[in-house]
Amino acid sequence: MTQISLHLAAAALGAVFAAIAVLLWLRLSDRRRQSRRELMREVEGTIAFLFDGEDLIDATRPAQDLVRHRQPGQTDWEALVALVSVRFPEFRARYDTIGLTGNATLEAQGHRAGRIMLETWDGYTRVTLEAQGTETGRAAVDALTFEAIEDELETLRALGNEAPFPVWKQDSSGVITWANRAFLSLSAQREPGDGVTPSWPPQPVFDVPVRVNGSGPVMARKSLDLPDRDDPAWFEVTTVQRGTGTMHFALDADAAVRAETAQRQFVQTLSKTFAQLTVGIAIFDRDRSLVMFNPALLTLTGLPADFLIARPGLTAVLDRLRQRQMIPEPPDYQSWRDRFAALESAAEDGTYSETWPLSNGRTYRVTGRPHPDGAIAFLFDDISAEMSLTRRFRSQIEIAHGALDEVEDAIAIFSEDRRLLHTNRAYRDLWQKDDDETLNQRRFEDELGAWSDAAAPSAIWADLRRVAVPGARRDTFVGLVHLSDGRRARVRAVPLPAGALLIGFQPQGVELPLSEPSRSTGAAG
């Protein structure tokens, strides 16, 4: 029971404190409202504003009239600052520090009269404007508004006159009614006067419309011939309808024209270069539409020019090549689509390169390369002659290998760096070697070790090692060794073109007499 009583007492005490807090808040709020009323009652009939920070809380009728015509999106505070800054340029800075410095009075600067009083109460700031001594109420509002309009007009006039590009206005008959300094300077270059008094109105410099149809601006590129320039001066002229007349703005376009000219010349040079190439080129943009091709593509693929000029897609081009049998035929259409997807993906990565053997007997090498902004380029190179030459060389090599296999001598051929290039059948039979894929991994030293292991010790092996050193004397070496099976073998080392070396073994029966000395004197010594 005691616990319940304690809880009830705590709840009652909390309710009392809450009620006291609400009463205090209401009292303070009521006090602030009374302060607001008192602050504004004192200045009724004058130009006075009451702000909480930059939020307008209240304003007298003349003050409301002063900030009524503000810019779109402009707050009451910013509208007030814009209006009074003509007479009181330090108003914003002093207002921001009013909480630190206390009440302040600002006197108007320049030839204008008046003052602003800044006063704070209960977190509010009252701004009171006092114009010239005879100006009160509506007259003071009109005076401040007129000064703000004058300042804005002066700013706009300075902006127009000091703009570094020509600006001018023409009436409906084409007569110039206003022009800035840059336009007058340009006009003087075109038609110099007496150098003292410029003529008015100045003559039009550009051929521009005197009326614009529609609400939007009209843009046109114009050129002028100036006396101090060998080439024309280029301008981008924008025309805007303004009432019954037109406003015109001319921006320097020399840099843009030079860039466009350089780009056009580069494209022409590129096109001429493409036209001379024997490699077919097809460039597709990021949407995979054909944007550039050269005459060689027509020659190699046989695709009609009107088809390519119509900017077909990559799929359409490959389908047309398939129809003309200018692409390797897959076993089925799905394989063709899969191959196409792989082709595009590989070209984007810059890894696509394939050899296309065609049904007409020709062979193309097709390469895909990525280009900026997602474009890809395909290069078609006719390598039929190269492939034919390769096949002919391969055939000749096979013939040579076959001929060597028919020779009774055991022959091994080493490259300039003494890697084993080829052995014939007699060599493989003599030394029990297989003609496997590791052939070119075997070196002269490896073979020399196998020869010496399968033969009687002899100084011939050291002589062969000296002969095989790259750069050694290019003499034929001849010697005789005894094989482990009791036979003798004549050894020859014959230098070949390009630094290659031929080693030949001619086995002889044990009963045959030696017909040569055991070593030649040409290379051994």
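The values are calculated or read from the model by the stated rules, or taken from the named source; none is laboratory data. From a predicted model like this one, the values you see are computed outputs, not experimental measurements. Ideal geometry is used to build each Cβ from the backbone, glycine not excepted, and the neighbour counts take in all protein chains shown.
The requirement of being in the same structural domain as residue 283 (by TED's automatic domain parsing), of a type in the set (Ser, Thr, Tyr) and free of Cβ contacts under 8 Å to residues at least 24 places away in the same chain is satisfied by residue 335. Considering only region 434-457, state which residues are surrounded by 16 or more Cβ atoms within 10 Å (Cβ to Cβ) and within 16 Å of residue 507 (Cα to Cα). Correct list: 451, 452, 455.
Every residue, every condition in (1) modelled with pLDDT under 85; (2) hydroxyl-bearing (Ser, Thr, Tyr); (3) surrounded by 14 or more Cβ atoms within 10 Å (Cβ to Cβ), yes or no:
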| site | (1), (2), (3) |
| --- | --- |
| 39 | yes, no, yes |
| 85 | yes, yes, yes |
| 126 | no, no, yes |
| 142 | yes, no, yes |
| 151 | yes, no, yes |
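When every residue of region 312-331 is checked against the conditions, at least one turns out to be in a loop (DSSP other than H, G, I, E, B) and more than 30 Å from residue 390 (Cα to Cα). For region 105-115, a tally of residues being at pLDDT below 85 and either outside the structural domain of residue 53 (by TED's automatic domain parsing) or of a type outside the set (D, E, K, R) (or both) returns 6.
Does residue 428 satisfy the criteria of being under 19 Å from residue 494 (Cβ atoms) and of a type in the set (Lys, Arg)?
Considered against the rule, which asks whether it is under 19 Å from residue 494 (Cβ atoms) and of a type in the set (Lys, Arg), residue 428 comes out as no.
Here's the yes/no breakdown for (1) in a loop (DSSP other than H, G, I, E, B); (2) in contact with a strand residue (DSSP E or B) (Cβ under 9 Å, 6 or more places away or on another chain):
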{"site": "391", "(1), (2)": "no, no"}
{"site": "395", "(1), (2)": "no, no"}
{"site": "398", "(1), (2)": "no, no"}
{"site": "408", "(1), (2)": "yes, yes"}
{"site": "413", "(1), (2)": "no, yes"}
{"site": "421", "(1), (2)": "no, yes"}
{"site": "429", "(1), (2)": "no, yes"}
{"site": "433", "(1), (2)": "yes, yes"}
{"site": "447", "(1), (2)": "no, yes"}
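Scanning region 87-96 for residues being part of a loop (DSSP other than H, G, I, E, B) and either hydrophobic (A, V, I, L, M, F, W, C) or surrounded by 18 or more Cβ atoms within 10 Å (Cβ to Cβ) (or both) gives a total of 2.
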